[in-house]
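Here's the structure we're looking at; comments come further down.
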Amino acid sequence: MSSQNQEIQHLADAMFDGLLDSAGVQRLEQLLAGDPSCLQAYLEVVNLHGELLHQADSQTDEQAAVGVLRRFSEHCEQRQAALGRWSWGISITAAVILCGSLGWLASSNLFRPVPLGTVAHLTNDASLRRGSFSLGQTIRKGNLIEVKSGVVSIELPHTMLDLSGPATIKVVDENQIDLISGTVTATVRHGGEGFVIRTTDSEIVDLGTEFLVTYDAEKGTDVSVRRGRARASLLDQQGIPAKVLELTTSRAAKFSRARGELSESPFQPEHYERLDRVRGGIRSISGQLRTPSRVPPSLIAGDEVTLNHMLVLPERQNVILEKPLTVGSLSGDVILPAGSVVSSYLVHYDPQNIAKYAPRGSLTFYDPVVATITNATDLVATDQIFGLPDLRYESRSFRGLEPDADEVRISDDRRTVSVFFKMSPPEYLDQLRLLVISQQGLTSP
Amino acid sequence: MSRGMDRQKSGMHIPFSVNELRMSSDETSRESEFLRGLSGAYRGLHICTLSIVGNRADADDVIQEVCVILWQRFDEFEPGTNFQKWACAVGFKVAKAYARKQRRRRGYGLSDEILGRLAQIQSRGSELFELRREILQECLGKMRSQDREFLMGCYGARDKFVNLAHKKQMPVTTVYTRLGRLRKQLVSCVNRALGKEPSS
């Protein structure tokens, strides 16, 4: 670059940053007036600044345009008192236009950022700091997700993210998120190696794994790997890795930028327990299904009322059968061979006589469903084997499904189950147990 | 009297008349058309105004005023013609008026002649600037991720750099030095790709 062009760039940068003084402007004027190529060089730098501004702005162009109108509307409101009735009318009009704009935006898919994933799972207490979520909702590049409570699971192309509220992340792209605060667990499937979670002081790169990251502005970052491998880096103030540590199964580390420390810490499996309890091996749910964030003490009729949704409760997970087990399933008896690794899920619906409509929903598992237990006798018989130890179960005969009223359908690959429980007075309780077998232990019944 | 004339006769920098509170469905559709056009042209329009005022904060002020005036004069826009070209022409006028006002207030600024020539070159050179923008994407892709993030952090922040430096716990001079180095690196990268600079 010529020295003249370097000077132009220096002056254009200072102008852009608001740092150019009178002498600088005079010099710029002199250069621009003296040589047409300087005008071109100046505009090239200005265009670069403009483009970088747009690159860095997480808003889409139409959000930016509406933002301008919104600021205008706010400005009008501030002037309302001074301008009196006339200004009041105009402010309202601007607000009306803004509402129309936002409505148009909400209904328009024309310019939205690229969709990267979906909301795959919510607990029954899941809530956001702002706005609301629904199952299946699209997650787009640049989305800021602020979970206030409960667990929200986001499915990206190769990665499942579980956010345990309170937690905030920004979705940078399908291979990276920024963890702003709280805890996120990433389960990276084959093909997603290289997935990155960044916090202010660290960067964790997946190398084929399931790992958990917690960030707190005061305490720093904790990382643990339940299985697989991850590379954890402590970043310096410029965001450059200063220290690197590779973590493998059942290892954990703590980061402290203040002390410049990246050290191993004891692995604590209990950090994963909440997630196992609320999601287990469920890949996604849809419709009016939720998982409970806390195990209720009792599922006896009337004790755990669910109004317009059904609860899916992960029960005992990865039970290894010591001897063959025969269970009564929807399609007849199923024999599970000894050595099978089985996980259980109970679908519970107890609207009493309060609910207005019967819910519908479906759930998809990573592994196939081998048995669908709908009969009260079979449910009671399997409570001992697959039920949670401190949970009280209903033993009366109305607990099962009514074959002519309730619906349970299983997909061809046996991984998705859709359910529809009709409300059938006088006893409203309906329960269904699903047994899912680890693929390694699958034997055809 | 047309709604457009209503807007112009109001003589204020506010685009909407009270009568517009009672909008028909046709008018709502007109709004949508305006917003669609504005959204598509927004990035280019912002750069047009930036090319005149040069300063980021001033450009933010000008773009707001430009959007309002565009709406005031939207009836003048002929459907089917280039919205961005029309919007930029308005943007240049508003930005030049703003720059003149700032020059009077501050006591210094670029002359009207230079501002006029900048507007001319910016509007005529759109294809070249578009090409440079495309190459810039490649150059950003080649950057070290830490540098790219730093750069995006600086451009994405609405804060002044002093505040940014405070947040990043680094001296403000370090922010400027690093930013300046990265900007030069990008300009050189684009120029090299266009054969304007020898490869290093």
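No value in this document is a laboratory result; all are computed from the given coordinates. Keep in mind it's a predicted model, so treat the numbers as computed, not measured. Counting neighbours? That spans all protein chains shown, and the Cβs are built from the backbone with ideal geometry, glycine included.
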How about the stretch A:372-407: which chymotrypsin sites (Phe, Trp or Tyr not before Pro) there are in a DSSP loop, with at most 15 other Cβ atoms within 10 Å of their Cβ? none
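Can you give the net charge of the other residues whose Cβ lies under 14 Å from the Cβ of B:Gly141, counting K and R as +1 and D and E as -1?
-2
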Pairwise FRET efficiency - A:Thr138 versus A:Lys219, Cβ, R0 = 35 Å, nearest 0.05: 0.55
Quick one: net charge of A:Val436's neighbours, Cβ under 11 Å, K/R +1, D/E -1? +2
Summing +1 for each Lys or Arg and -1 for each Asp or Glu, what net charge is found among the other residues whose Cβ lies under 14 Å from the Cβ of A:Leu122? +1
Full-extension gain between A:Arg360 and A:Asp125, please, as 0.36 nm times their residue separation minus the C-alpha to C-alpha distance. 82.7 nm
